[in-house]
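Novice: The structure follows.
Values in this text are rule-based calculations from the coordinates and carry no lab data. Quick caveat, the model's predicted, so the values are computed rather than measured. Cβ placement follows ideal geometry from the backbone for every residue including glycine, while neighbour counts extend to all protein chains displayed.
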Amino acid sequence: MAPGDIFGFQDAIQGAGLWGLLLVCVIVFAETGLLIGFFLPGDTLLFFAGLLTFTGTIPLPLPVVILAVFAAAFLGDQLGYTIGKRAGPGIFERRDSGFFSRKNVDRTQAFFDRFGGWAVTIARFIGVVRTFAPVAAGVGRMKRSHFSAYNALGALIWSSAIIGLGYALGGIPEVAEVVQQYMEWVLIGIVVLTVGSALIAYLRQRRAARGAATGPASGPAGE
């Protein structure tokens, strides 16, 4: 028996297709525009967006879905760039917190040192670097026109490739049948993956920040 027969919300899921795409776009935007994206499974969400587009759960043509995600990715990076340009180097002087790690910043800087402007394009495919690359480009005063070009290229390739892959796999009859039959579990799994990844990343970063805060404080106390 399909899970939809058990829970009785198959129709609700089918009707929520457009809202599902909106959620994907919001998460993609937040990955780079709000500096919280290093724990969000953007690649996984894009893959399932392609899969659900093929099955009709997202009732839009594939090019429209790709265009929507491309726009969210592009605009998110543009916002991250603006934040970095206005805040300046001081934004990287923040202490580690639940959602900010100096290690991630250093990793992004090393990426720019190696690839230059192309780091903006390549970073789109690397979760942690993807979040901080636009800000680093803004702090480094990369010309906005150059950044926008690299950003557009990366967002287009990323959205087209991953959504297209999900869509193509949906064309395999066995895959499409499983997705249709267990649609609820697929969507629940996406939610669990998103929330779980956020929680794990937050706890790890908080633990690291707490250790960094207590370490130096123990010296003077013992003198």
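Novice: Output the Cα-based Rg and Dmax of region 41-83 in Å, rounding Rg to one decimal and Dmax to a whole number.
Specialist: Cα only, region 41-83: 12.1, 38 Å (Rg, Dmax).
Novice: In addition: Using 1/(1 + (r/R0)^6) with R0 = 30 angstrom and r between the beta carbons of residue 172 and residue 125, what's the FRET efficiency to the nearest 0.05?
Specialist: It comes to 0.80.
Novice: Shifting gears a bit: Residues with amide H under 5 Å of residue 58's amide H, sequence separation 5 or more or different chain, H placed in the peptide plane at 1.01 Å from N; which?
Specialist: Amide H to amide H, under 5 Å and 5 or more residues apart or across chains, residue 58 pairs with 53.
Novice: Would you please give the FRET efficiency between residue 64 and residue 146, computed as 1/(1 + (r/R0)^6) with r the Cβ-Cβ distance and R0 = 30 Å, to the nearest 0.05?
Specialist: Plugging the Cβ-Cβ distance into 1/(1 + (r/R0)^6) gives 0.55.
Novice: Follow-up question, since we're still on this one. Can you work out ³J(HN,Hα) from phi for every residue in region 132-148, in order, using Karplus 6.51 cos²θ - 1.76 cosθ + 1.60 and θ = phi - 60°, giving whole Hz and x for Gly and Pro?
Specialist: 9, 4, x, 5, 4, 5, x, 4, x, 6, 4, 4, 4, 5, 5, 4, 4
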